[in-house]
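**Student:** There's a structure below that I have some questions on.
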Amino acid sequence: QVQLVESGGRVAQSGGSLRLSCVASGNIVNIYTMGWFRQAPGKEREWVASINGGNLTAYAQAARGRFTISGDITKNMVELQMNSLKVEDTAVYYCRAGDSRGNYWGQGTQVTVSS
């Protein structure tokens, strides 16, 4: 069994910053990617950013230039630095990890950006 625990979500002001963290534990086999998704009220879950074992990163258009994903997936850890927050960044942010057997999700952490 694999568990992912996210932390760092809270209420922030528009224009402010937040840093989310995720740690995976359990029976992880050959982890090759970790990433962040988000789901705003009434909307589908969407991909935000991801990082793989070669430290290659990728970002959704909404995150590019404002968010930075970092971490060491060999240690099952990933973070998301979010700057210049916008009200539309309000969502539950989920961490996802992928290994040779499938994808695993955390329970999510709430990010609320107030104007």
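**Student:** From the phi of every residue in the range 102-115, what ³J(HN,Hα) in whole Hz does the Karplus formula 6.51 cos²θ - 1.76 cosθ + 1.60 yield, where θ is phi - 60° and glycine or proline is x?
**Tutor:** For the range 102-115, the Karplus-derived couplings read x, 10, 10, 10, x, 7, x, 9, 7, 10, 10, 10, 9, 8 Hz, x marking Gly and Pro.
**Student:** I want to verify the translational diffusion coefficient of the range 1-42 in µm²/s; compute it with Stokes-Einstein, Rh as the Kirkwood radius over Cα pairs, at 25 °C and 0.890 mPa s.
**Tutor:** 191
**Student:** Now a separate question. Taking Cα pairs under 8 Å and at least six residues apart, what relative contact order does the chain come out at, in percent?
**Tutor:** Result for the chain is 37 percent.
**Student:** Tell me the GluC sites (Glu not before Pro) within the range 41-115 that lie in a loop according to DSSP and have at most 13 other beta-carbon atoms within 10 Å.
**Tutor:** Glu44
**Student:** Heavy atoms only, probe 1.4 Å: what % of the accessible area of the range 1-106 goes to carbon and sulfur, would you let me know?
**Tutor:** 49
**Student:** Hey, if you drop one equal point scatterer on each alpha-carbon of the range 14-76 and run the Debye formula without solvent, what base-10 log of I(q)/I(0) do you get at q = 0.13, 0.18, 0.22 Å⁻¹?
**Tutor:** Taking Cα atoms of the range 14-76 as identical point scatterers yields -0.41, -0.74, -1.02.
**Student:** OK, next. Report the charge-dipole magnitude of the chain in Debye, nearest 20, computed about the Cα centre from +1 at each Lys and Arg Cβ and -1 at each Asp and Glu Cβ.
**Tutor:** 100
**Student:** Shifting gears a bit: Starting with the highest mean, order 100-106, 68-74 by the number of other Cβ atoms within 10 Å, averaged over the residues of each peptide.
**Tutor:** 68-74, 100-106
**Student:** Quick check for me: using +1 on Lys/Arg Cβ and -1 on Asp/Glu Cβ, what's the dipole size of the range 1-58 about its Cα centre, in debye to the nearest 20?
**Tutor:** Here the size comes out at about 140 debye.
**Student:** Also: Okay, which of the range 75-115 sit inside 18 Å, backbone N to the point 7 Å along the Cα-Cβ direction of Asn27?
**Tutor:** From the range 75-115, the list is 97-105.
**Student:** How large is the accessible surface per residue of the chain, computed with a 1.4 Å probe and reported in Å² as a whole number?
**Tutor:** In whole numbers, the chain has 52 Å² accessible per residue.
**Student:** Follow-up question, since we're still on this one. Could you give the nm distance between label points at Ser100 and Gln1, where each point is 7 Å from its Cα heading toward the beta carbon?
**Tutor:** Distance between the two pseudo-spin positions: 2.3 nm.
**Student:** Also, quick follow-up: Given the convex hull of the Cα atoms of the chain, what is a quarter of its surface area in nm²?
**Tutor:** For the chain, the mean projected area of the Cα convex hull comes to 6.5 nm².
**Student:** Next question, about the same structure. Can you pull out the trypsin sites (Lys or Arg not before Pro) in the range 1-65 that DSSP calls coil and that have at most 16 other Cβ atoms within 10 Å?
**Tutor:** Here the trypsin sites (Lys or Arg not before Pro) that fit, given the DSSP loop and packing criteria, are Arg10, Lys43, Arg45, Arg64.
**Student:** Taking Cα pairs under 8 Å and at least six residues apart, what relative contact order does the range 46-95 come out at, in percent?
**Tutor:** Result for the range 46-95 is 26 percent.
The values are calculated or read from the model by the stated rules, or taken from the named source; none is laboratory data. Since this is a predicted model, take the numbers as computed values, not measurements. Glycine gets a Cβ as well: all are built from the backbone with ideal geometry, and neighbour counts include every protein chain shown. Keep in mind that these areas ignore ligands, DNA and RNA; they rest on the heavy atoms of the full protein, side chains included. Shrake-Rupley method; radii C 1.70, N 1.55, O 1.52, S 1.80 Å.
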